[in-house]
There are 2 protein chains.
Amino acid sequence: MRATRRGQGGVTVQDVARAAGVSAMTVSRVVNGGHNVRESTRLAVAEAIERLQYKPNPAARSLAVGEATQIGLLYANPSAAYLSQFLIGALAAARRAGCHLVLEPCEGESADEQAESTRQFAGADVQGVILPPPLCESEPVRTELAAAGIPSVAVAMGRHEAGTYNVRIDDFEAAAAMTRHLIDLGHRDIAFIRGHPNQVASAERYRGFVHAVEAAGLDPKAMRVEPGYFTYRSGLAATERLLRQSPRPTAIFAANDDMAAAAVGVAHRQGLHIPRDISIVGFDDVALATNVWPELTTVRQPIAQMAETAVAMLLARLRKRGGDAGEGEELVVPHELIVRESTAPPPKAGGAR
Amino acid sequence: MRATRRGQGGVTVQDVARAAGVSAMTVSRVVNGGHNVRESTRLAVAEAIERLQYKPNPAARSLAVGEATQIGLLYANPSAAYLSQFLIGALAAARRAGCHLVLEPCEGESADEQAESTRQFAGADVQGVILPPPLCESEPVRTELAAAGIPSVAVAMGRHEAGTYNVRIDDFEAAAAMTRHLIDLGHRDIAFIRGHPNQVASAERYRGFVHAVEAAGLDPKAMRVEPGYFTYRSGLAATERLLRQSPRPTAIFAANDDMAAAAVGVAHRQGLHIPRDISIVGFDDVALATNVWPELTTVRQPIAQMAETAVAMLLARLRKRGGDAGEGEELVVPHELIVRESTAPPPKAGGAR
DNA sequence: GTTCTGGATGTTAGCGATAACCTAGAGCCC
DNA sequence: GGGCTCTAGGTTATCGCTAACATCCAGAAC
């Protein structure tokens, strides 16, 4: 641990090599998957690493391999809760790989603005991009990325498309499970508030809802469906329309938590008790879901884990080839139904007349 | 742009040096502040950099300088909106400096859990830590950090303490400004919902409120004050207590947006129109503030910028010395009063009787 | 026995940037 | 004019790690 110009006397491969009686190269091999290393040697090295508390220096590694060092993340106002979870996961994966995350906000809705934000990446030198929703389905973004030859991996793009890389949950199945939960509680009149019409996930969630309704022997046409845009405001409007009607539905299934939170607000304002008078459920399990009273029954997406997986997938893809599209790849991660306090059996028949 | 083993044919200092007819060292000097470089040379190099679109390789830089490569961020559930903003800023600064951000959640409230989370950092090799609220005021965290000899910079720690490093806004002045806004609108009966009693910022905001009230010639004792904990739930309870009373206040100043949002919910439920019947204001300007109807008048903290500044301050501190405490440093960044739709003049006298 | 094969290791040479040191002049003093 | 200081700039030697190639040796193949 000689005093070089650098302050911290970190443990290096050399130190480990000496301690284990092998060469630095062998240590390096053990650290990275380690092919062509005899078992006994591997153990000796592993022991030395453990004893010396060796941690590879990521800067040196990425310098040596000359690999991707910056990967982009183009975000456009998913809810803050979603973004922070997403960042936590993405960061963990990026750090492990020794590469930096370059964030780029993409405020505008217009194609021009989206293309412009995307172009930023071509200038900064990011070697790949991950796209959380809703940008993963934006045509301008994808076109621009393709034009610049920057590979990307989408997260939560509703449905698989050939040649694309995607990490998602099974929106269809999750929505169906939620619907079954309501039906099992006894609800027969369930209203559905849809998500943004441009996002495939919206359609998938609706499909799942319809499927579960039919599977229970009910008529999907009898269920009221309101349009929505995944925003609090749109949830407000949709719920107002729903609760104006009589008889009112005994349950509302909003395609995301923001709209569900809005539904809770409107119901409260109309003097309804949740879940006694009406059940309300959401989708996503963002923090908002527990910041509302009562806490929402919802579907949890493992957002951080999905982001982590997406980064890993992107890096693997970059490692493999120079950037040609490859064949695409899709990974479906498990979701979870979270039952909280916003659901209960419907009021006794006739209660809402 | 020879084909080395690395795929990307990046521009290096050497390329720039050749193009400008100088040595690599000179280019490096120009890039980093550049002392001892003649003006004409500097310009030539700058021109070459621009022309070749040179971007220094952060990995190589941090390897060469042997500086901090990992800085920690210990977070404990500030609102998701706060965290995501914070991360955006911190990430930008970290990337510029070529160092990685290591996130560590600190869930527990107990001293043990907090100390344990902090200890994680000693193991991973982070060279410094930044502490967003509320952890910046946690005694166990600070003790543990000191024991491990890891320098830290706090963000939004309410008040300066000798020997500590801190980036914050002027909570006192901001709260006073908000209070003046309400008084200027004509409010004379303003209720205040306090923040978490353990955080200095809560006290500062309250002090600011009292100060402005007195400055306007009103009696602070006449203003109702409710305890709160910065949570949505505590805001709910506080507002219910306030609105049960008669006459009810014409305005409610909640010490953060989460509680203000709760206040809006309760007021709505009681059939009050905001801002016609009652004005409600918050503090922080997190996304929640615009996810509620009407959008909240609040105080904006430049969260991302504060995080960025904190990281820069930490790095400067690490660069300077090995880690001894130094003398502490404090930076107060400007806040901004954001007037939206949740404030208006009070109802005509007697309206609330 | 000789050649070949292939797995396990060591050696060398960078990756891109900068710290530390060195050099050549310019300006200045006595 | 010799010695000195100061400045602008170049040289060299790493930082820690890993590709690429070289080496060595056991066993297989002939």
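The values are calculated or read from the model by the stated rules, or taken from the named source; none is laboratory data. In this text the structure is predicted, and so the values were computed from the model without any measurement. Every residue, glycine among them, receives a Cβ derived from its backbone with ideal geometry; neighbour counts consider all protein chains shown. Side chains are part of the model used for accessible areas, which takes the heavy atoms of the whole protein and leaves out ligands, DNA and RNA. Shrake-Rupley method; radii C 1.70, N 1.55, O 1.52, S 1.80 Å.
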| query | For A:ALA3, are the conditions met, namely being more than 14 Å from DNA strand D (Cβ to nearest atom) and either open to solvent by 30 Å² or more (accessible area, probe 1.4 Å) or modelled with pLDDT under 90 (or both)? | reply | no
| query | If B:ASP184 passes every condition in (1) in a loop (DSSP other than H, G, I, E, B); (2) in the same structural domain as B:PRO227 (by TED's automatic domain parsing) but one, which one does it miss? | reply | (1)
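When only residues in region B:52-72 that are in contact (Cβ under 8 Å) with a residue 24 or more places away in the chain, part of a helix (DSSP H, G or I) and not basic (Lys, Arg) count, which is farthest from DNA strand C (Cβ to nearest atom)?
Of everything passing the filter in region B:52-72, B:LEU52 is farthest from DNA strand C (Cβ to nearest atom).
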| message | Filter region A:52-61 down to the residues that are more than 8 Å from DNA strand D (Cβ to nearest atom) and open to solvent by 60 Å² or more (accessible area, probe 1.4 Å) and list them by number. | response | A:GLN53
| Can you tell which of B:ALA254, B:ALA263, B:ALA310 is of a type in the set (Gly, Ala, Ser), in contact with a Ser or Thr (Cβ under 7 Å, 6 or more places away or on another chain) and modelled with pLDDT of 90 or more? | B:ALA263
| message | Residue under question is A:ALA156, and the condition is that it be crowded, with 22+ Cβ neighbours inside 10 Å and at positive phi; does it hold? | response | yes
| remark: Being more than 14 Å from chain B (Cβ to nearest Cβ) and charged (D, E, K, R) narrows A:ARG61, A:ARG38 down to just A:ARG38
| Within the set of pairs 6+ apart or on separate chains, which have a first residue in region B:121-140 that is modelled with pLDDT of 85 or more, a second that is open to solvent by 40 Å² or more (accessible area, probe 1.4 Å), and C-beta atoms under 7 Å apart? | B:PRO140/B:ALA111
| task | Being open to solvent by 40 Å² or more (accessible area, probe 1.4 Å) and modelled with pLDDT of 95 or more is the filter here, so list the residues in region B:198-217 that pass it. | result | B:TYR206, B:ARG207, B:HIS211, B:GLU214, B:ALA215, B:ALA216, B:GLY217
| acidic (Asp, Glu), surrounded by fewer than 21 Cβ atoms within 10 Å (Cβ to Cβ) and at the interface with another protein chain (Cβ under 8 Å from one of its Cβ atoms), is that true of A:ASP125? | yes
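May I ask you to verify whether B:ILE49 is more than 11 Å from every other protein chain (Cβ to nearest Cβ), away from DNA strand D (no atom under 12 Å from the Cβ) and either free of Cβ contacts under 8 Å to residues at least 60 places away in the same chain or in a helix (DSSP H, G or I) (or both)?
yes
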| query | In region B:160-181, how many residues are among the acidic types (Asp, Glu) and part of a loop (DSSP other than H, G, I, E, B)? | reply | 2
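So is A:ARG233 among the basic types (Lys, Arg), over 19 Å from the mean Cα position of the chain (by Cα), over 23 Å from A:ALA176 (Cβ atoms) and not in a loop (DSSP other than H, G, I, E, B) or not?
So A:ARG233 fits the description; yes.
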| Would you pick out the residues in region A:76-112 that are modelled with pLDDT of 85 or more, open to solvent by 20 Å² or more (accessible area, probe 1.4 Å) and more than 9 Å from chain B (Cβ to nearest Cβ)? | A:GLU104, A:ASP112
| Can you tell me how many residues in region B:18-33 are more than 8 Å from DNA strand C (Cβ to nearest atom), surrounded by fewer than 19 Cβ atoms within 10 Å (Cβ to Cβ) and small (Gly, Ala, Ser)? | 4
| request: Identify the residue in region A:260-288 that is within 11 Å of chain B (Cβ to nearest Cβ) and touching a residue at least 40 places away in the same chain (Cβ under 8 Å) and, among all such residues, is farthest from B:ALA287 (Cα to Cα). | output: A:VAL264
| task | Identify all residues within region B:175-197 that are open to solvent by 50 Å² or more (accessible area, probe 1.4 Å) and modelled with pLDDT under 95; write none if there are none. | result | B:PRO197
| Matching residues, region A:7-44, being over 20 Å from A:SER62 (Cα atoms), among the β-branched types (Val, Ile, Thr) and within 12 Å of DNA strand D (Cβ to nearest atom) | A:VAL22
